[in-house]
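Step one of this worksheet: look at the structure below.
The values are calculated or read from the model by the stated rules, or taken from the named source; none is laboratory data. The structure displayed is predicted, hence computed values, not measured ones. Here the Cβ positions follow ideal geometry from the backbone for every residue, glycine too, while neighbour counts run over all protein chains shown. Keep in mind that these areas ignore ligands, DNA and RNA; they rest on the heavy atoms of the full protein, side chains included. Shrake-Rupley method; radii C 1.70, N 1.55, O 1.52, S 1.80 Å.
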Amino acid sequence: MKLSFIKAYLSIFLLLSGPSYAQSKNPGDGKEKKMKAENLEYKFKLGWFTLGGGSLSFQENSRIINNDYHHVVKAHAYTDGMAAFFTDMDDDYLSIINSKSLQPYFSEKHVTIKNGFWDQWNQFDREKNIIDVKAIKTKKDEKDPRAWKVNMTDDSYDIVSTLVYFMDVNWFRVPKGDTVTIRCHYDKKVYPVCLIYNGIEKIKFEEDKVSAHRVQIYFPEDRKYTVGRPIFGWMSTDGRNIPLVIQSKMAFGNARCELTAIDGEDPDF
């Protein structure tokens with residue numbers, strides 16, 4: 001059985017220490033946006049089987065760059081149980097995000113590939129609208145350094161900051177049926193990512209019925225994972241937009257990524 005879709009779904013949700021930057025004594029002006037939590041934990045299931053999980057950690061205003069506060073957000077995704085038998089996934093992502101605009105200043109990823117590892121560092125140059133990418137592919141202990149540049153637009157984000165952006169949207173003000181679109185950097189392009197707002201509905205979560213914003217996650221240029229298999233997400237309606245569930249029907253069952261803990265405690269909505 002091929003389980004490459006596990007990486008795709010967790011990376012959607014998805015997605016280490018960063019470099020050091022000069023600090024200023026008086027950064028910010030009080031307009032910085034707050035993070036919704038300190039840590040979120042998830043499990044990934046296919047039908048009845050738990051195949052892995054992931055976590056998101058938010059370090060609010062933990063870096064000062066060019067006299068602006070920046071959040072540091074880290075994501076980790078892994079396979080476990082049956083899935084680990086087919087594919088070994090132990091992936092880390094990091095994004096340094098401007099606390100006001102929520103746009104990434106820098107991001108990196110360290111992921112497993114077949115018989116090796118892929119390490120990548122991305123510097124976002126907003127003045128030139130260029131992402132400067134450096135990467136190292138390691139197989140059989142042989143390192144293959146690479147570098148390239150990616151043209152971007154003002155609405156370009158990385159995988160992790162894309163999630164942070166959508167968590168900041170005031171979904172109460174988005175009309176049902178409207179679409180919120182930004183672009184996400186992946187590989188050598190930036191791709192449109194669309195969330196179609198489906199309104200508020202009750203869902204079963206942690207054995208209870210809770211209200212949630214429902215969205216359809218749509219990747220217009222994807223021809224592999226989302227064609228004929230729509231992905232839906234549900235976020236909390238408590239003002240924090242905490243992602244509760246991401247789900248898609250597969251040929252062999254429902255693929256479901258579900259929140260299991262907030263800041264080390266059971267989620268309570």
GluC sites (Glu not before Pro) within the range 105-211: DSSP coil, no more than 12 neighbouring Cβ in 10 Å
Glu127, Glu207
How large are Rg and Dmax for the range 95-221 when only the alpha carbon atoms are used, in Å?
17.7, 52
Counting only DSSP loop positions in the range 182-240, the trypsin sites (Lys or Arg not before Pro) whose Cβ has at most 16 other Cβ atoms within 10 Å are Lys188, Arg223, Lys224, Arg240
Note down the accessible area of Cys194, probe 1.4 Å, to the nearest 10 Å².
10
Compute the distribution of all C-alpha to C-alpha distances in the range 162-203, in bins of 5 Å from 0, and list the percent of pairs in each, rounded to whole numbers.
5, 20, 26, 24, 13, 8, 4, 1
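Which of the residue pairs Lys74/Lys114; Lys74/Lys128; Lys45/Lys189 have a Cα-Cα distance greater than 28 Å in the structure shown?
Numbers: Lys74/Lys114 23 Å; Lys74/Lys128 26 Å; Lys45/Lys189 30 Å.
Result: Lys45/Lys189 exceed 28 Å.
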What FRET efficiency would be calculated for the residue pair Asp88, Asp154, taking the C-beta separation as r and a Förster radius of 45 Å, to the nearest 0.05?
0.75
When all C-alpha to C-alpha distances in the range 188-269 are sorted into bins of 5 Å, what percent of pairs does each bin hold, rounded to whole numbers?
3, 14, 21, 23, 17, 13, 7, 2, 0
When we measure straight from the Cα of Lys143, which aspartates and glutamates land under 13 angstrom away, once same-chain ones fewer than 8 places off are left out?
Asp119
Is the C-alpha gyration tensor of the range 37-166 telling us rounded, prolate or oblate? Criteria: a/c under 1.5 is rounded; beyond that, a/b larger than b/c is prolate, otherwise oblate.
oblate
Test of understanding: what is the full-extension gain from Lys189 to Lys176, defined as 0.36 nm times their sequence separation minus their Cα-Cα distance?
1.7 nm
Both in Å, the radius of gyration and Dmax of the C-alpha trace of the range 91-144 are 13.4, 43
